[in-house]
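See below for the structure under consideration.
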């Protein structure tokens, strides 16, 4: 704190020295004749005088109150003097200038006014005229451009309207398409849901299949082992199996023949029916012919011939019926034989199954014995 | 306290006159010689700084008239240590411009 106070007092002295230097400089300039350049050089005197109270306040041995009193009072007096002087001088100069201006207004032929008009006002007027011409040209150009632009804009508006109509039509179409697409999307979503459900079901089934596969592998391994055991036995029963297959083939051929015979039997029955009908017709015709015997003797002979033919056919039919009966009896015998053979084969199969069971039991016993021996 | 009030009034009135004369001088400057205009501007800026100094000092004494315990060091620091030398330098610069003219 003390240091700043000391600095302040030192600065005071420095400022006083600076102000003294200003005073000396101004005095020297005045003596050189600088005051001729100023209209009111006393204003500068007062300005320099403003520094005097600050110089006086630095005089040694003065109490603080006296110091500030000199400073405040000196500045007040100097500023009042400066204000009064500047105000007065400004008023006088201002009035002088106003008087000159009034003279210019009152005397239009005043040389200064004429010179002012010629040198300053006329060029300005010329400039204004040029600017007006330029402006009028510019306005015309702008009008033309505006008209052109208006025409262009109108044409563009027409084009735009046409485009807008097209766009609106396209928009309608697009909306319709969008609606269709949305419907499709909904359907697709439904299908997707169903697909996901099925997928989940398939995954469940896969898991189940995996489990079953693992079980099947185990079973297959067991079957393989059993197969290897049974292979030996199957080779033994192979020949017997072939014989059985041959017998089965023979049975198939017999059944085919039986079917053919059944067909022939049907045909013969149909013919029998037809013949009976014809016989009935002939009997009716013979009744009619007996009434008209005299008139139709020739026809009677013909009918007799037809009757003979019919008798022949009947004899043929009787022969065929006899053959058919023979074949039928043969087939019945064969059927009986086949049934006997089937029964034999069935007995043989049962016998083989029993043998297989015995072999399996023997194998089980052998395995048990082996395990017991191993333990 | 009364003395402080008187000094406050003196500074304040001095500030008002100085500021008013500064305004008149700025108006009047157009009637002066163009060669010494720069010097004039330097002097006017010096007067502006001085008016600020007067205002600060006036505030300081105004505050002291109400409260004697008020710290005056800050006001002294600004006015005496900073602004007063600027006032002196501005006057010297103005004189140097006049010398060149």
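Values in this text are rule-based calculations from the coordinates and carry no lab data. This structure is a prediction, so every number in the text was calculated from the model and none was measured. Note that each Cβ is placed from the backbone with ideal geometry, even for glycine, and that neighbours are counted across all protein chains shown.
Going from the residue with the fewest nearby Cβ atoms within 10 Å to the one with the most, A:324, B:40, A:85 rank A:324, A:85, B:40. Starting from 0 in steps of 10 Å, tell me what percent of the Cα-Cα pairs of the protein assembly as shown lands in each bin. Per 10 Å bin, starting at 0, the Cα pair percentages come out as 3, 9, 9, 7, 5, 5, 5, 5, 5, 5, 4, 3, 3, 4, 6, 7, 6, 5, 3, 1, 0. Using alpha carbons only, how many angstrom separate the centre of the stretch A:241-261 from the centre of the stretch B:1-20? That distance is 153 Å.
Shielding of peptide B:43-51 by partners, expressed as the average count of other chain Cβ atoms within 10 Å per residue Cβ, is 3.
Over all directions, the projected convex hull of the C-alpha atoms in the stretch A:2-106 averages 8.9 nm² in area.
Taking the C-alpha atoms only, the angle from helix A:64-106 to the longest principal axis of chain A is near 90 degrees. Take the Cβ atoms of residue A:304 and residue A:252, set R0 to 51 Å, and the FRET efficiency comes out at 0.50.
Across chain B, the mean sequence separation of Cα contacts (distance under 8 Å, 6 or more residues apart), normalised by length, yields a relative contact order of 42 percent. Cα-based radius of gyration for the stretch A:318-375, normalised by 2.2 N^0.38 Å, reads 2.42. A viscosity of 1.567 mPa s and a temperature of 4 °C, combined with the Kirkwood radius over C-alpha pairs in the Stokes-Einstein formula, give the stretch B:2-100 a diffusion coefficient of 88 µm²/s. By its C-alpha gyration tensor, with a ≥ b ≥ c as the square roots of the eigenvalues, how is the stretch A:177-293 shaped: rounded for a/c under 1.5, else prolate for a/b larger than b/c, else oblate? Here the stretch A:177-293 falls in the oblate category. Subtracting the Cα-Cα distance of residue A:315 and residue A:117 from their residue separation scaled by 0.36 nm leaves 54.5 nm. Computing FRET efficiency as 1/(1 + (r/R0)^6) for residue B:20 and residue A:159, where r is the C-beta to C-beta distance and R0 is 56 Å, gives about 0.20. Computed over the stretch A:100-201, the Cα gyration tensor eigenvalues convert (square root of 5λ each) into semi-axes of 84, 21, 8 Å, ordered from largest to smallest. Seen against the Cα atoms of chain A and their longest principal axis, helix A:297-374 is set at about 60 degrees.
Hydrodynamic radius of the stretch B:49-101 by the Kirkwood approach over all distinct alpha-carbon pairs: 12.4 Å.
Annotation: the stretch A:230-281 has a Kirkwood hydrodynamic radius of 14.6 angstrom, from the mean reciprocal C-alpha pair distance. Working note: Cα gyration tensor of the stretch A:220-375, eigenvalues times five, square-rooted, sorted largest first, giving semi-axes of 72, 12, 11 Å. Based on the reciprocal of the average 1/r between different C-alpha atoms, the Kirkwood radius for the stretch A:177-235 equals 15.5 Å.
For chain A, find the longest principal axis of its Cα atoms and tell me its angle to the long axis of helix A:122-291, 0 to 90°, nearest 10. Between helix and principal axis, roughly 20 degrees. Here the sum of -39500 (n - 2.57) over DSSP H runs of 4 or more residues, divided by the residues of chain A, equals -34000 deg cm²/dmol at 222 nm, to the nearest 500.
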